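Working notes for the structure below.
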Amino acid sequence: MATTRRHDVKDLSLAPEGVRRIRWADRQMPVLTAIRERFAAEQPLNGYRVSACLHVTTETANLMRTLKAGGADVVLCASNPLSTQDDVAAALVDEFDISVFAIKGEDNDTYYQHIEAAVDHKPQLTMDDGADVIGVLHSMRREQLGDIIAGMEETTTGVIRLKAMEADGALAFPVIAVNEARTKHLFDNRYGTGQSTIDGIIRATNVLFAGKRFVVAGYGWTGRGVALRARGMGAHVIVTEVDPMRALEALMDGYEVMPISEAARVGDIFCTATGDKHVIDAQHIESMKDGAILCNTGHFNVEINIPALRSLAAETREARHFVEEFTLADGRRLYLLAEGRLVNISAAEGHPAIVMDMSFANQALATEYAVQHAASLEHKVYPVPTEIDEEIARLKLETMGVSIDRLTAEQAKYLASWDEGT
Ligand SMILES: NC(=O)c1ccc[n+]([C@@H]2O[C@H](COP(=O)([O-])OP(=O)(O)OC[C@H]3O[C@@H](n4cnc5c(N)ncnc54)[C@H](O)[C@@H]3O)[C@@H](O)[C@H]2O)c1
């Protein structure tokens, strides 16, 4: 179909493949599908302009379709220069009549031009994965801040940035931290990132995990998932941490725990998952073995000190698609995957749809909640209401054909009492 929608995508002729893949993902997203059907009937977002900045994947496409079905006027841009699936971007414009500004591999200037194009939509609601739209609104488009009812934030790093803004009194509208929903981070960050990160590393390198020393920096929700899946592939997993509680947990989960300065000397594959900066720094790079592979699955490409890696290298070349080889002065070669950006979504397809079903059900229902409760929300970061979170868990189990027990009246009374000890 010929589109009149504003857009900047790679090639509209890719749309048919994008449509096939979006529909494939949709089959794994029954909770979101049910919400879409209800939204179509009830129109809870009727007339609201939404600017979304998310990874442009098949799952995101189904979220955009859901918001549109609910009556919203939606524009989408990429939340990472490397994560866009060009066929999906084309399909959204051509088949689903949604404006998209995203091209895989876009340079930094284009990336920000695309965010500005999304902000030109004059949103009343924002949806971020890393707080970039909110960042642009607060820095360059302050005159639009008054139009915004609320924002939604998808990831840990975005929530950290927004809580810092709230603490400084700088946040100009309410934000719902979708990442904080248990049906988001317990599953998306852990199992989604766990599987897709391994997938990204393997697609980029075709390396065998069995017998390798695999270093995971950070044992949060994502790090736990990556460590678990790497162990499942036969790797010897080493965890580095700065938080004693998390380090202890990693140790008792059966992993080796040590500082990055020690892990750097023995690791074959390194994966950062911290949301922190320069976790792998120049001195660590200097002590790595010939052939070491470095990648990141945290939100920004700052976890590995890439400028230091470049300055230590005598020579660089592309060894494979998504693999850059750095030859150091003494001849050792190190391999950086996907420019140090989220490897799971740059070199693979990101989280499987069955997991994103829950994350994006949270996004859709949090958006509806924000519209319904706009008058009572302050300029703060709010969690997703527990009722929404629990309802998504219930629906997910139901769509998976799993039923669970219910408390009997006697059990409910027993659990609520303080004097019924035996
Ligand atoms: N790749 C993806 O698709 C994906 C999905 C979800 C989240 N994320 C991103 O992954 C990052 C981590 O998210 P999370 O939910 O696991 O966060 P988290 O807060 O649960 O865990 C981060 C962990 O890193 C540790 N850490 C911080 N600095 C460190 C350092 N210098 N060395 C070692 N450990 C350090 C912290 O102590 C913490 O335990 C964030 O940037 C988040 O936005 C990526």
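The values are calculated or read from the model by the stated rules, or taken from the named source; none is laboratory data. Everything numeric here is computed off the predicted structure, so don't read it as measured data. Virtual Cβ from ideal backbone geometry, glycine too; neighbours counted across all protein chains shown. The area values use the complete protein model at the heavy-atom level, side chains included, leaving out ligands, DNA and RNA. Shrake-Rupley method; radii C 1.70, N 1.55, O 1.52, S 1.80 Å.
Separation of segment 349-364 and segment 16-45, taken as the distance between their Cα centroids, equals 11 angstrom. Need the C-alpha centroid separation for segment 269-295 versus segment 60-133, integer Å. First find each Cα centre; the distance between them is then 32 Å. According to the square roots a ≥ b ≥ c of the eigenvalues of the Cα gyration tensor, what is the shape class of segment 147-232, taking rounded for a/c under 1.5, prolate for a/b larger than b/c otherwise, and oblate for the remainder? It comes out prolate by the Cα gyration axes. Counting only residues at least eight positions apart within a chain, or on another chain, the lysines with an alpha carbon under 16 Å from that of Lys184 are Lys396.
Between rounded, prolate and oblate, where does segment 22-100 land on the alpha carbon gyration tensor, with a ≥ b ≥ c its root eigenvalues, rounded for a/c under 1.5, else prolate if a/b exceeds b/c?
Taking the square roots of the gyration eigenvalues as a ≥ b ≥ c, segment 22-100 is oblate.
Counting only lysines at least 8 places from Lys104 when in the same chain, those with an alpha carbon closer than 23 Å to its own are Lys10.
With the largest listed first and rounded to whole Å, the semi-axes of the equivalent ellipsoid of segment 172-305 from the Cα gyration tensor are 24, 17, 15. Each Lys and Arg contributes +1 and each Asp and Glu -1, all at the Cβ; summed about the Cα centre of segment 158-300, the dipole is approximately 400 debye.
Working with all protein chains in place, sort Trp24, Trp221 by solvent-accessible area computed with a 1.4 Å probe, largest first.
Working: Trp24 180, Trp221 80 Å².
So the residues, ranked largest to smallest area, are Trp24, Trp221.
The rule of thumb for compact globular proteins, 2.2 N^0.38 Å, goes into the C-alpha radius of gyration of the chain 1.01 times. How many percent of the accessible area of the chain is carbon or sulfur, using a 1.4 Å probe? Here carbon and sulfur together make up 52 percent of the probe-accessible area.
Ordered from largest to smallest accessible area (heavy atoms of protein chains, 1.4 Å probe), the residues Thr66, Thr399 come out as Thr399, Thr66.
Think of each Lys and Arg Cβ as +1 and each Asp and Glu Cβ as -1; about the Cα centre, that makes the dipole of segment 230-335 roughly 240 debye. Averaging Cα coordinates gives a centre for segment 369-399 and one for segment 301-315; these two points are 41 Å apart. Under the combined filter of DSSP loop state and at most 13 neighbouring Cβ atoms within 10 Å, segment 375-408 retains these GluC sites (Glu not before Pro): Glu378.
For the pair Trp418 and Glu286, how long in nm is the line joining their label points, each one 7 Å along Cα→Cβ? Modelled inter-label distance: 6.0 nm. Using a probe of 1.4 angstrom and keeping all protein chains present, the accessible surface of the chain works out to 43 square angstrom per residue. In this calculation the C-beta distance from Glu262 to Thr327 is compared with R0 = 30 Å, giving a FRET efficiency of 0.75. Under the classification rounded if a/c is under 1.5, otherwise prolate if a/b is larger than b/c and oblate if not, where does segment 343-422 fall, given a ≥ b ≥ c as square roots of the Cα gyration tensor eigenvalues? In terms of gyration-tensor shape, oblate.
Need the list of aspartates and glutamates near Lys163 for cross-linking: C-alpha distance under 13 angstrom, and skip anything on the same chain fewer than eight residues off. Filter leaves Glu153, Glu180.
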